[in-house]
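For reference, the structure is listed below as structure tokens.
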Amino acid sequence: MLRAALEVAVRDSLVQRNVAAVIKRPLADSREAAYLTAEQAAALLLSLEGDRLAPLVRFLLSTGLRRGEALALRWEDVDLDGALLRVRGTLGRTSAGLSVGRPETEKSRRTVPLPRVAVSALRLRLLAQQADRARVPRAWEDSGSVSTNELGTALEPRNVLRRFQVLAKAAGLPKGVGLHTLRLSTASLLLAAGTHTKVVQEHLGHSSYAITADICSHVAPQQAREAADRLDDSLDW
């Protein structure tokens with residue numbers, strides 16, 4: 001951050017050189033990102049049946065959206081019949097409260113094709129929202145958002161994370177599993193299904209191919225075995 005700020009200062013002729021540019025930064029420890037196997041994902045969804053968070057978790061798993069992107073989603077950005085949605089914002093908490101800001105990068109502003117399970121989750125969410133509105137018609141706030149509480153207002157991202165962590169623990173998932181784990185799990189499932197990394201990049205909204213390749217390189221180790229088997233078939237010496 002300091003390096004970037006000083007670079008702007010050099011550009012604006014406020015300083016002659018960027019002294020931070022010559023600093024050798026320490027290497028960051030590389031940790032393998034957690035992701036769910038297909039069996040773990042199925043067990044999680046089974047344990048969530050009947051919980052208000054279930055449609056959102058199912059939706060996140062089947063789309064790979066970021067938490068803020070999913071919570072900022074509005075019905076006007078969803079085409080259930082065409083099985084498409086547009087990502088146009090991200091919900092987060094600032095000093096002024098909850099607000100919808102621009103996505104992380106231009107690549108994040110994208111159209112995402114929806115699998116049947118995601119469409120089903122959204123339809124269930126719509127029915128639940130209609131039931132909430134019928135229970136408290138006078139107190140209901142018609143925000144137009146997909147993910148809302150019992151009164152129609154936006155969900156607090158931190159509360160969603162806390163609730164998910166409780167449910168994940170109850171489902172017997174490893175410690176440290178969070179909502180971002182669902183996003184990595186989507187990438188894993190896409191790769192395991194043979195989806196090209198470039199397509200996964202576009203689907204997840206990463207700013208570059210390199211980010212997707214780096215994140216996803218370890219999430220589907222079985223692909224390395226499949227690649228070796230394909231070499232055997234091709235060379236057949």
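The values are calculated or read from the model by the stated rules, or taken from the named source; none is laboratory data. Every value quoted in this text rests on a predicted model; they were computed, and no experiment measured them. Cβ sites come from the backbone with ideal geometry, for glycine too, and all protein chains shown count toward neighbours.
Worth a mention:
- Options 87, 100, 117; residue that is among the aliphatic types (A, V, I, L, M), under 19 Å from residue 202 (Cα atoms) and within 18 Å of the chain's Cα centre (by Cα): 87
- Test result for residue 170, in the same structural domain as residue 69 (by TED's automatic domain parsing) and touching a helix residue (DSSP H, G or I) at 6+ places or on another chain (Cβ under 7 Å): yes
- Figure legend. Inter-residue proximity from segment 46-60: first residues within 17 Å of residue 149 (Cα to Cα), second residues of a type outside the set (A, V, I, L, M) and part of a helix (DSSP H, G or I), beta-carbon distance below 6 Å, spacing 6+ or different chains. Indicated pairs: 53/163; 55/125.
- Exactly one residue among 127, 167, 71, 122 is under 17 Å from residue 56 (Cβ atoms), buried (at least 16 other Cβ atoms within 10 Å of the Cβ) and out of contact with any strand residue (DSSP E or B) (no Cβ under 8 Å at 6 or more places or on another chain), and that residue is 167.
- Apart from one condition, residue 172 fits all of (1) over 27 Å from residue 127 (Cα atoms); (2) surrounded by 14 or more Cβ atoms within 10 Å (Cβ to Cβ); the exception is (2).
- Within segment 87-101, residues that are modelled with pLDDT of 85 or more sit with their Cβ atoms under 7 Å from residues that are loosely packed, with under 14 Cβ neighbours inside 10 Å and part of a loop (DSSP other than H, G, I, E, B), at 6+ positions apart or across chains, in these pairs: 89/102.
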